[in-house]
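Structure first, commentary second.
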Amino acid sequence: MSDPIRRALISVHDKSGLVSFARALVDRGVEILSSGGTASALAAAGLPVISVGQWTGSPEMLSGRVKTLHPRIHGGILALRDDPSHVADLEREKIGTIDLVVVNLYPFENTVADPAASLAAAVEMIDVGGPAMIRAAAKNFAHVTIVVDPGDYDSLLEAIGASGAVPDEMRQRLSVKAFGRTAAYDRAVADELERRFSSAASPRFPERLRIEFARAFDLRYGENPHQKSAFYVDDRFFGPSIGRARQWHGKELSYNNILDLDAALALVLDLPSPACVIVKHGNPCGAAVGAHALSSFERALACDPLSAFGGVIAFNVAVDGAVARALTEQFYEAVIAPEISEDARVTLAEKKNLRVLELTDAASKPSAAIDLRSVAGGLLVQDADRIDEAVREGRVPTQRAPTSDEWSALEFAWIVARHVKSNAIVYARDGQTVGIGAGQMSRVDAADLGARKARSPIAGCVLASDAFFPFRDGVDVAAHAGVTAIVQPGGSVRDAEVVAAADEHGLAMVFTGRRHFRH
């Protein structure tokens, strides 16, 4: 336990809760030092405050760029109270100690989030004195308490109670938080300046990748029970995501739940409404668009009800009581939707272990994302895969073009195929998957597997392939199963052979010109 707080230095841009916090300190006999707008705000509230200029004997200068960079500030923060030489230095220079430093920084991140922000505006939001005080106080955590977040005001006041002393554990925890804040701040500045100054051909991928995620919660275990794991979220990401969803009911999320929910959510948000997607072990085992939420679920389930057992289910429309009753007829791990109605929550609560999640920001467009994949000793980084190409604008190399119904089915199948692990084949009709061949080492095996897994006839279906057919055998399998049209990227050295096979079978084929592998 440190000595009681006798003097605090407060310099904040975010003044949330400032006056009530400072008043509580004054009521405990704490002397307040402050600068600039913070000092003005405290004085206007009738609180006694000593300006930094009074304390240092040096006025603010350079339009406020230099205020707190002074030995009487940093000496008072950095001094070790139990070191005789430090005490002697303080006495010789007539420097008083500072026991509490409350600082939050200029809003650099918010400023540069505006695409119209000028370089000059960005530079003026690079805080210098603030990070220096934060780092000094955080370094001297044995004697000084550092607060960088207004959200910590109440817990600090509660911890010090009437004694005025801050517990060691809290000073240590706040020190770690403070260094994390300055690290994130410096990362944001470096990223922004590199973006503006870079002459590289690919400024999206900087020379050094600086990433930061906040731990949301620990998980019981990872993919397997012997693996430890935790879930981290990107505070800068906005839009619908598992990290921003609200859990209404059920057990805590597992590592595999999060992976499957993310896969289901990514696909269902690509589909027109109302749609439902069922995912098991990272792959869709059913996806459909229906007249309403219930019909979309029933149509998705019909694709592969056996695999759906223990899967996760995502909707892009609200889940109502009728859907909830259908969901309770079988075991599922989790369900996620933009809205879970009150009566649906009551019904779903009957399934003790079912995780029920509701999206926040469901209607907003997700942040531009990059994919990160760890490998031994490194990290692979790429743009997130999006379907920017329009199937109807693809090239038709076959003698027959798709019919109107086939075009619609091909568009649906092409969206689903992007979300199936490679090699991927999707059989579909009328906004509904009929058979899915996922994760096979050869494309013909994927075509064969998808046809064999189909619970209803393939005849009249279309097929989507995430990459080109290297041989005609996959087309032959699809044709024999009853497919009438195929969409694929094209680009094989044997495209002519593949197109000839399609013509032999009377199939329509569309080349999109873009591959969508998912490993």
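The values are calculated or read from the model by the stated rules, or taken from the named source; none is laboratory data. Note that the structure is predicted; figures quoted are calculated from it, not measured. Neighbour counts are summed over all protein chains in view; Cβ atoms, including those assigned to glycine, are modelled from backbone coordinates with ideal geometry. Heavy atoms of the whole protein, side chains included, go into the accessibility calculation; ligands, DNA and RNA do not. Shrake-Rupley method; radii C 1.70, N 1.55, O 1.52, S 1.80 Å.
Overview of results
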read-out: Flag for Ser35 being at pLDDT below 95, closer than 29 Å to Asn110 by Cα and touching a strand residue (DSSP E or B) at 6+ places or on another chain (Cβ under 6 Å); value: yes
read-out: Residue count, segment 64-95 (criterion: open to solvent by less than 20 Å² (accessible area, probe 1.4 Å) and in a loop (DSSP other than H, G, I, E, B)); value: 3
read-out: Hits in segment 462-503 - residues which are free of Cβ contacts under 8 Å to residues at least 24 places away in the same chain and of a type outside the set (A, V, I, L, M, F, W, C); value: His480
read-out: Selection within segment 446-461 - open to solvent by 30 Å² or more (accessible area, probe 1.4 Å) and either basic (Lys, Arg) or not in a helix (DSSP H, G or I) (or both); value: Arg452, Lys453, Arg455, Ser456, Pro457, Ala459, Gly460
read-out: Every pair of residues 6+ apart whose Cβ atoms lie under 6 Å, when the first sits in segment 205-220 and is farther than 18 Å from Ala369 by Cα while the second is β-branched (Val, Ile, Thr); value: Ala216/Val233
read-out: Residues that are in contact with a helix residue (DSSP H, G or I) (Cβ under 9 Å, 6 or more places away or on another chain), farther than 22 Å from Asp405 by Cβ and not in a loop (DSSP other than H, G, I, E, B), drawn from segment 466-496; value: Asp473, Gly474, Asp476, Val477
read-out: Subset tally (residues that are exposed (fewer than 15 other Cβ atoms within 10 Å of the Cβ), over 23 Å from the mean Cα position of the chain (by Cα) and at pLDDT below 90) for segment 169-197; value: 2
read-out: Residues within segment 283-332 that are under 27 Å from Thr360 (Cβ atoms), touching a Lys or Arg at 6+ places or on another chain (Cβ under 7 Å) and hydrophobic (A, V, I, L, M, F, W, C), tallied; value: 2
read-out: Odd one out for Ala464, checked against (1) at pLDDT 95 or above; (2) surrounded by fewer than 24 Cβ atoms within 10 Å (Cβ to Cβ); value: (2)
read-out: Some residue of segment 490-499 being within 20 Å of Gly439 (Cβ to Cβ) and open to solvent by 10 Å² or more (accessible area, probe 1.4 Å); value: no
read-out: Selection count, segment 108-126, where residues are within 27 Å of the chain's Cα centre (by Cα) and either open to solvent by 10 Å² or more (accessible area, probe 1.4 Å) or under 24 Å from Leu174 (Cβ atoms) (or both); value: 12
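Residue-wise test of (1) on the phi > 0 side of the Ramachandran plot; (2) among the acidic types (Asp, Glu); (3) surrounded by fewer than 17 Cβ atoms within 10 Å (Cβ to Cβ).
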site	(1), (2), (3)
Phe238	no, no, yes
Gly250	yes, no, no
Val277	no, no, no
Val289	no, no, no
Leu301	no, no, no
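To keep it simple, each residue is scored yes or no on (1) without any contact (Cβ under 8 Å) to a residue 60 or more places away in the chain; (2) within 19 Å of Gly513 (Cβ to Cβ); (3) among the β-branched types (Val, Ile, Thr).
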position: Ile336; (1), (2), (3): no, no, yes
position: Ala349; (1), (2), (3): no, no, no
position: Arg355; (1), (2), (3): no, no, no
position: Ser374; (1), (2), (3): yes, no, no
position: Leu380; (1), (2), (3): yes, no, no
position: Ala409; (1), (2), (3): no, no, no
